[in-house]
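To start, I am sharing the structure in question, which I have written as structure tokens.
The values are calculated or read from the model by the stated rules, or taken from the named source; none is laboratory data. In this text the structure is predicted, and so the values were computed from the model without any measurement. Using ideal geometry, Cβ is built from the backbone for each residue, glycine included, and neighbour counts are taken over all protein chains shown.
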Amino acid sequence: MPSTTETPVFTQYKAFEKLQKLAASPLDLTKTGVLNPERVRCMVAESAGYKMLYATERVTPEVVEALQELADEAGALSWMQRMQNGEVINYIDGYDSERRQVLHTAIRDFYDNPNTSPAAQEATAKEKKELERVKAFIDKIDIEKSFTDIIFIAIGGSELGPKANYLALEHLLKPGRHVHFIGNIDPDEAARVLDALDLKKSLVVVVSKTGSTLETNTNEALVRDRFEQAGLRPDKHFVVVTGEGSPIDKPGRYLERFHLWDWIGGRFSASSAIGGLLFSFALGYPIFEEFLRGAHAMDQAALSSDLQENLPLLGALIGIWNRNFLDIQTLAVVPYSSALWRYAAHIQQVDMESNGKRVDRQGRAVTFDTGPIVWGEPGNNAQHSFYQLIHQGSNPVALEMIGFRDSQYGQDLEVHGTTSQEKLLANLLAQSIALATGQPNENPNKTFPGNRPSHILLAEKLTPHTLGALFSYYEMKVAFQGFIWNINSFDQEGVMLGKVLANRVIERFVERRHPNTGAKSFPLGDAYLYHLEQF
């Protein structure tokens with residue numbers, strides 16, 4: 001492991017000083033002639049079926065060159081190669097930490113130019129066997145026609161990614177199949193799902209890497225109880241995806257057990273057996289394979305030394321420019337595709353759980369901003385919602401927009417000379433231009449200051465392949481930013497404290513319902529419970 005003395009601080013890179021000087025008088029997109037056709041044609045990068053149109057970012061060739069130098073000084077590509085090779089990079093040097101490999105790329109490394117490192121090949125072989133088991137299991141279900149509905153019980157990364165990806169391809173749903181999600185511990189969510197189902201025809205997939213997730217274990221118990229009340233045996237309906245040897249990895253308790261390896265983080269797990277089960281049941285295994293191919297293609301692009309062919313690295317660097325040098329605190333992810341309506345939530349977790357860190361890999365408190373606040377909704381809906389703040393609010397917001405030339409269903413109508421898809425794309429392009437150029441007006445209420453940065457990720461069509469590439473783009477982009485900031489993007493200690501305290505409050509609930517159970521005193525918890533009792 002590198003020592004503290006060998007590891008430079010982000011703010012001490014030579015390129016950092018150069019970028020600071022460039023940021024002292026950044027490009028003004030509102031000036032006449034800046035956003036010209038030549039700039040728009042030149043500021044394009046391309047990877048794995050996507051083009052990034054970034055002429056509406058506040059960057060110049062000099063800024064991009066300095067950002068490249070920053071990535072080089074930080075060894076960003078070297079870190080990416082090490083990650084994909086299976087080196088242990090999930091650590092905080094000198095402190096207790098997970099110290100694991102980060103090998104979610106290995107679980108889709110079945111195609112062109114696979115990684116040749118022994119660790120990556122071992123991981124790939126292990127996952128390939130697991131996916132073969134998934135395929136055989138779903139093939140049997142398809143033949144027997146035993147289930148029509150799947151109930152997916154998970155939370156956090158185990159649900160957000162799989163759900164966002166499934167919804168993005170829901171138009172490919174197999175005839176007679178239905179998908180339902182139970183994530184929130186709120187009992188109303190489970191009741192809403194279960195009350196509408198024929199449990200005899202329902203397959204339940206329980207996902208928890210640790211096997212100890214409070215919400216998932218509680219929801220599983222609730223759903224099991226409903227099956228038992230209906231006279232059904234849960235072991236004939238329930239399937240689990242969990243870590244080997246976890247508390248719920250029990251023979252005889254489930255119809256089938258699948259495993260998630262310790263070198264795959266939950267928020268990076270949708271391309272594992274978790275996504276394999278969901279996609280195969282709902283859409284078919286070939287759809288899942290195309291998704292994996294797309295993700296693998298972007299994984300490969302992330303290793304390219306040519307910035308114009310490495311969208312994840314370019315996206316990461318633009319994000320660092322906006323966050324650290326233009327002092328823009330938030331990133332709005334706005335897909336101009338209704339199918340991606342839950343994608344911002346997935347990206348929010350991938351980014352904020354990964355890079356929401358205040359110490360570097362040596363345990364030192366950072367003196368600069370790390371991960372941005374990520375949020376968003378689909379356009380055009382967003383234009384009738386929060387775009388008011390983005391256009392005329394006091395705090396600039398960076399935008400990452402996603403668009404597709406063609407619609408998924410291909411069902412459209414020409415109205416007033418254009419189709420709905422053309423109108424959708426027109427709004428995407430127009431918003432990017434309007435945010436950049438603004439609009440002066442004698443009436444201050446009608447003045448748009450402009451100079452609001454954005455870029456567009458554009459692909460031909462939202463397919464399983466392009467969805468996989470988009471999924472990987474964000475994983476790789478976030479990893480690159482962590483490498484450059486010298487933080488560990490692969491643990492999530494920040495989610496633990498609330499869980500620990502929640503369990504202590506739960507103990508007090510138990511004590512009040514069943515006295516003399518020996519719950520420990522928790523004055524703050526009791527103080528809050530007092531308020532509940534007043535209702």
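Scanning segment 135-178 for residues that are farther than 21 Å from Ser271 by Cβ and without any contact (Cβ under 8 Å) to a residue 12 or more places away in the chain, which turns out surrounded by the fewest Cβ atoms within 10 Å (Cβ to Cβ)?
The residue in question is Pro175.
Can you tell me which residues in segment 87-114 are closer than 21 Å to Gln481 by Cβ and assigned to a helix (DSSP H, G or I)?
His104, Thr105
Scan the helices (runs of 4 or more DSSP H) fully inside segment 237-354 and keep the ones with 1 or more residues being under 29 Å from Trp485 (Cα atoms).
285-301, 311-320
Only one of (1) within 24 Å of Gln300 (Cβ to Cβ); (2) touching a strand residue (DSSP E or B) at 6+ places or on another chain (Cβ under 6 Å); (3) in a helix (DSSP H, G or I) is not met by Tyr474, so which one is it?
(2)
For residues in segment 290-311 being touching a residue at least 12 places away in the same chain (Cβ under 8 Å) and of a type in the set (D, E, K, R), which is farthest from Glu65 (Cα to Cα)?
That would be Glu290.
Looking at (1) in contact with a Lys or Arg (Cβ under 9 Å, 6 or more places away or on another chain); (2) closer than 30 Å to Ser420 by Cα; (3) surrounded by fewer than 20 Cβ atoms within 10 Å (Cβ to Cβ), which one does Trp341 not meet, given that it meets all the others?
Trp341 satisfies every listed condition except (1).
Something else now. Determine if segment 189-209 includes at least one residue that is buried (at least 24 other Cβ atoms within 10 Å of the Cβ), out of contact with any strand residue (DSSP E or B) (no Cβ under 6 Å at 6 or more places or on another chain) and modelled with pLDDT under 95.
yes
If Arg267 satisfies every condition in (1) surrounded by 14 or more Cβ atoms within 10 Å (Cβ to Cβ); (2) among the charged types (D, E, K, R); (3) touching a residue at least 60 places away in the same chain (Cβ under 8 Å); (4) in contact with a strand residue (DSSP E or B) (Cβ under 9 Å, 6 or more places away or on another chain) but one, which is the exception?
Single failed check for Arg267: (4).
For segment 24-86, please list each of the helices (runs of 4 or more DSSP H) lying entirely inside it that holds at least 2 residues being free of Cβ contacts under 8 Å to residues at least 24 places away in the same chain, in the same structural domain as Phe448 (by TED's automatic domain parsing) and within 28 Å of Leu462 (Cα to Cα).
Ranges flagged: 37-42.
Quick one: would you say Thr30 is of a type in the set (Ser, Thr, Tyr), within 17 Å of Val59 (Cβ to Cβ), out of contact with any Lys or Arg (no Cβ under 7 Å at 6 or more places or on another chain) and at pLDDT 95 or above?
yes
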